[in-house]
Amino acid sequence: MPRRSAWRVGRSKLILGVGVVIAVMALIAAACSGDDGGGESSALGGSAADIAQARGLTEADISAALKTYVPSGQQDEYLIFSSGGHAGQVFVIGVPSMRLLKTIGVFTPEPWQGWGYGDQDTMEILEQGRVDGNDVLWADTHHPALSETDGDYDGEFVFINDKANARVAVIDLRDFETKQILKNPIAINDHGGTFVTPNTEWVIEGGQYATPNGWEYAPISEYESEYKGMVTFWKFDRSAGRIDADSSFAMELPPYWQDLCDAGKLVSEGWVFCNSFNTELATGSGDVGSGGEAFEAGASARDNDYMHVINLDKAVGVAASKGVDINGMTVIPLQASIDEGLLYFVPEPKSPHGVDITPGGEYMVISGKLDPHVTVYSFDKIQDAIAAQNWQPDQYGVPVLDFDSVLEAQVELGLGPLHTQFDGDGYAYTSLFLNSSVARWSLGPPYGDEWKLEGEIPVHYNIGHLVAAEGDTVDPDGRYLVALNKWSIDRFFPPGPLLPQNFQLIDITEAPEAAPDTAGMQLLYDMPIGVGEPHYAQMIKADKVLDHVWEVYPEIGWDPSTMSVDPNAPMAGNERVVRNGDTVEIWMTLVRSHYTPDRIEVKAGDRVIWHLTNIDTSKDATHGFSVPGYNINVSLEPGETATVEFDATMDGVFPFYCSEFCSALHLEMAGYFLVAPE
Ligand code: RUQ
Ligand code: CUA
């Protein structure tokens, strides 16, 4: 794929048309020479040059502004699907404008979308995420994965994991709504998810802090024998738009703390690679004063941990023949994985974190948090070492391949390397947490001539993940990179001691020589994130999602949970209220600007089943349905139907109203819910 120069010329033109370039140069010349062009010098008035001068904008500021500004009414070229961190949600952000387009309710109730506030379908999806019957209404979302076809994002689905509780969710990009949440029945926390195989047959969820299966109690003194690591492969049924839990399976792993994973692609398709740490089997410092070693030291003592190399294609068959049932999940026992040749280890330096597969699938790039290098392994060499049985068993009997025999290259980048992304020009980008920078480095053959560091650009500050346009696919776009920084320190107004995280947009269009100080990269924009701590994000061409997305539901009476018309949906003309014993069932329609019917009277203690359909079909004609005191707020998007069920436990008068400003008579879109005392 050595196509550097051809791509670059094409791309520069895309970002800055020739006419724009000339205009900008004139502008910059005027700004920098102090020539105000005869206009008034004011931050808010005068010519563009005047404004630039009055605001003290540098040439770099002006070029950054021109590259990020998306004129009113125009749309962004890319979308970022970002984890919402502790918010338990997924953020949708436009690139290059960095405008927030939506927060998709996933694991946490989200009132604007009526997610978890009375709409039965949303309540049921949130209930799927219960842990042993307990509601868990927050999540630590980490890694979104866009669905892929032939290794390329197809814009149809997004998956996301909850590290805190070992859950996985499915979001359909036709309506940007969460359709399913799965609680992993064998693990209580995860990290190496979600990642998808090149045709999205499997959604990968790797474990993290080992526990006994099903997080049952076992004393920590039995750590080596009773605690287990795991990786779960969730089978995705694309036509159903759901994960099929019954066809999914897991592999039992040693109680090393599995970390991030990635799926092989092209030459390595059918294989999966996961990192681990705490191969020391540290169990913490124990009782205060006992002199034991804290996890921080105990779990980072060895020079090497193990990359897990997993033959997924083969594991599918072994799961069927040798899998055992644990809490309803089919699990391949560790010994079966060893006997069948499903699992190999590769030593990886110093507390590894990210594992990222090159676009062609040839190499696995590992970052050791405490090693200044990235370590690159060759898939071919791994296969050769497996064939030659060039291994030593670890303490659980898993074959550990010889490090030197599978190593392709090591490149010294700087301190604290974490995650790597790729462009289409043969460069890789690695986040350096301790350096607070992004390193740009060249890949060796077949991408370029030599494995070598090109340079770095500072980011602000303490970067975790980074995302490049289509950067996890077989065909990355380059162009834009976003640094997902953990700390912002002095970048923004300090809204109290809890500071926002900071997304920084970086232009990676130019060659390293164009700006040697930053290896050709230019910082364009800071976007503070004041909700949760995002970890990872993926960036897709907006057109691909536009091909699938609905702006109104296809038919009136649409049920988003079944993605079909609900035969029981209220329709214009059949609105009614039916009492059946202590149950009152209501069929109500919503249209600008009224509810039909708009007065409902029940008795205290009645069961209320309230069906609603928004019969408006114009774009964006969303109506709300909020009932005070009862914690009810439903969002009914054009065509949508929903059902709310509750017991009328409180008597009184409850004016319900439309919580979306939908028309000039929106305030009049209201009704009375009267609950007579018994
Ligand atoms: S992880 S940076 Cu899930 Cu690296 Cu957070
Ligand atoms: Cu409908 Cu406001």
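Any residue at all in the range 644-651 that's more than 16 Å from ligand 1 (Cβ to nearest atom), touching a Pro at 6+ places or on another chain (Cβ under 7 Å) and over 20 Å from PRO554 (Cα atoms)?
Our first condition is that a residue be more than 16 Å from ligand 1 (Cβ to nearest atom); within the range 644-651, this holds for 644-651.
This time we only want the ones that are touching a Pro at 6+ places or on another chain (Cβ under 7 Å), so: 651.
Imposing the further condition that a residue be over 20 Å from PRO554 (Cα atoms) reduces the set to 651.
Within the range 644-651 (the criterion being more than 16 Å from ligand 1 (Cβ to nearest atom), touching a Pro at 6+ places or on another chain (Cβ under 7 Å) and over 20 Å from PRO554 (Cα atoms)), the answer is yes, since at least one residue qualifies.
Determine if the range 639-655 includes at least one residue that is farther than 18 Å from SER564 by Cα, within 14 Å of ligand 2 (Cβ to nearest atom) and without any contact (Cβ under 8 Å) to a residue 40 or more places away in the chain. Before you say what the answer is, go through the steps one by one.
Of all residues in the range 639-655, those farther than 18 Å from SER564 by Cα come to 644-655.
Checking the rest, the ones that are also within 14 Å of ligand 2 (Cβ to nearest atom) come to 655.
This time we only want the ones that are without any contact (Cβ under 8 Å) to a residue 40 or more places away in the chain, so: 655.
There is at least one residue in the range 639-655 that is farther than 18 Å from SER564 by Cα, within 14 Å of ligand 2 (Cβ to nearest atom) and without any contact (Cβ under 8 Å) to a residue 40 or more places away in the chain.
What do you reckon, is ALA240 at pLDDT 95 or above, buried (at least 19 other Cβ atoms within 10 Å of the Cβ) and aliphatic (A, V, I, L, M)?
Against the criterion (at pLDDT 95 or above, buried (at least 19 other Cβ atoms within 10 Å of the Cβ) and aliphatic (A, V, I, L, M)), ALA240 does not qualify.
Being under 19 Å from ILE332 (Cα atoms) and either touching a Gly at 6+ places or on another chain (Cβ under 7 Å) or in a loop (DSSP other than H, G, I, E, B) (or both) is the filter here; which residues of the range 210-235 pass it?
ALA210, PRO212, GLU216, TYR227, GLY229, MET230, VAL231
Can you tell me which of VAL578, VAL584 is without any contact (Cβ under 8 Å) to a residue 24 or more places away in the chain, β-branched (Val, Ile, Thr) and touching a strand residue (DSSP E or B) at 6+ places or on another chain (Cβ under 9 Å)? Break it down stepwise before answering.
Values: VAL584 fails: without any contact (Cβ under 8 Å) to a residue 24 or more places away in the chain.
Matching residue, one of VAL578, VAL584: VAL578.
Okay, residues lined up against (1) closer than 30 Å to THR649 by Cα; (2) within 25 Å of the chain's Cα centre (by Cα):
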| site | (1), (2) |
| --- | --- |
| PRO534 | no, yes |
| ILE540 | no, yes |
| VAL565 | no, no |
| TRP587 | yes, no |
| SER593 | yes, no |
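When you check GLY105 against the structure, is it within 24 Å of ASN631 (Cα to Cα) and either crowded, with 24+ Cβ neighbours inside 10 Å or of a type in the set (Val, Ile, Thr) (or both), yes or no? Write out each step before concluding.
Numbers: within 24 Å of ASN631 (Cα to Cα): yes; either crowded, with 24+ Cβ neighbours inside 10 Å or of a type in the set (Val, Ile, Thr) (or both): yes.
So GLY105 fits the description; yes.
Determine whether ASP472 is buried (at least 17 other Cβ atoms within 10 Å of the Cβ), away from ligand 1 (no atom under 16 Å from the Cβ) and at pLDDT 95 or above.
Numbers: buried (at least 17 other Cβ atoms within 10 Å of the Cβ): yes; away from ligand 1 (no atom under 16 Å from the Cβ): no; at pLDDT 95 or above: yes.
Against the criterion (buried (at least 17 other Cβ atoms within 10 Å of the Cβ), away from ligand 1 (no atom under 16 Å from the Cβ) and at pLDDT 95 or above), ASP472 does not qualify.
What residue, among those in the range 656-665 that are surrounded by 13 or more Cβ atoms within 10 Å (Cβ to Cβ) and out of contact with any Lys or Arg (no Cβ under 8 Å at 6 or more places or on another chain), is nearest to ILE586 (Cα to Cα)? Outline the logic, then answer.
First, pick out the residues of the range 656-665 that are surrounded by 13 or more Cβ atoms within 10 Å (Cβ to Cβ): 656-660, 662-663.
Subsequent filtering for residues that are out of contact with any Lys or Arg (no Cβ under 8 Å at 6 or more places or on another chain) retains 656-660.
Values: PHE656: 14, TYR657: 16, CYS658: 17, SER659: 20, GLU660: 21 Å.
Across the range 656-665, the extreme among qualifying residues is PHE656.
Within the range 484-593, which strands (runs of 3 or more DSSP E) (wholly inside it) include 3 or more residues that are within 23 Å of ASP620 (Cβ to Cβ) and of a type in the set (A, V, I, L, M)? So that I can check it myself, show each step before the final result.
Values: elements: 501-507, 522-529, 537-541, 576-580, 583-591.
Qualifying strands (runs of 3 or more DSSP E): 583-591.
Please give the number of the condition PRO597 fails out of (1) within 15 Å of ligand 2 (Cβ to nearest atom); (2) more than 33 Å from the chain's Cα centre (by Cα).
In the conditions (1) within 15 Å of ligand 2 (Cβ to nearest atom); (2) more than 33 Å from the chain's Cα centre (by Cα), PRO597 misses (1) alone.
The values are calculated or read from the model by the stated rules, or taken from the named source; none is laboratory data. The shown structure was predicted, so the numbers you read here are calculated from the model rather than taken from an experiment. Note that each Cβ is placed from the backbone with ideal geometry, even for glycine, and that neighbours are counted across all protein chains shown.
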